Amino acid sequence: MPKKLKFCRGVIIAHGKSELLLAQHIKSNLHLPIEIFAESNGKKSIQIDSLITVLGNNIFKNKRVFNKKYIVEEEKGILKNFSLMPIMDLDDTSEDRKQKYISGEMFKNHWLSPYIVPIWNRNNLDEVLLELELIHKLPNNKEKGKIYRNLFPTNKGETDIEQVENLKKLFEKSEKTNMQVFIKKCLDSLE
């Protein structure tokens, strides 16, 4: 019997190491067929102002190149059950760029525009986690890796939907993020 093809359900573009570890945590807990794109394994951050450049790179620039990297379900040329979710901090760009990112307007000319779901943290993920009392102080760059690996460990065992649902409920308490949208998309892709 031929092996059933596993379609990629989404691609996450991680702003930096913290966002990368959070995305890996959710992916591993749900055993999701999603991919995570990060610069230098999250050591080099992707800013909102450079996001269009990233989307113009070899992987995302057009459908032909994209399809060489990711196997996404399609019907009549339309991608099905797929989202591209950049997870960005809002502290490193102008107010105009923030609004264009949040609304999705900055992607209107990109072929992936209908599938892009902008995820944001105001001002950054650290501040959101501090507000939610998941961390007790803002970590410096040296501390981040260790703190976030402990906070968002990779799950090498069974699927843990409850842990992810609890994380979604926690993020819903904050006005400084829409991370719950990302987590809900991940949970919905299990169906």
*Give the residue, chosen from LYS100, LYS144, that is within 28 Å of ILE52 (Cα to Cα) and modelled with pLDDT under 95.*
LYS144
*VAL72 versus (1) in a loop (DSSP other than H, G, I, E, B); (2) more than 22 Å from LEU20 (Cα to Cα): which is the lone unmet condition?*
(2)
*Tally the residues that are more than 18 Å from the chain's Cα centre (by Cα) and either within 18 Å of HIS15 (Cβ to Cβ) or among the basic types (Lys, Arg) (or both), restricting the search to the range 58-79.*
5
*Those residues that are under 18 Å from GLN47 (Cα atoms), assigned to a strand (DSSP E or B) and not hydrophobic (A, V, I, L, M, F, W, C), I need them from the range 76-92; list them, please.*
PRO86, ASP89
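The values are calculated or read from the model by the stated rules, or taken from the named source; none is laboratory data. Note that the structure is a prediction, hence the values are computed from the model and not measured. All Cβ positions, even for glycine, are placed from backbone atoms using ideal geometry, and neighbour counts span all protein chains on display.
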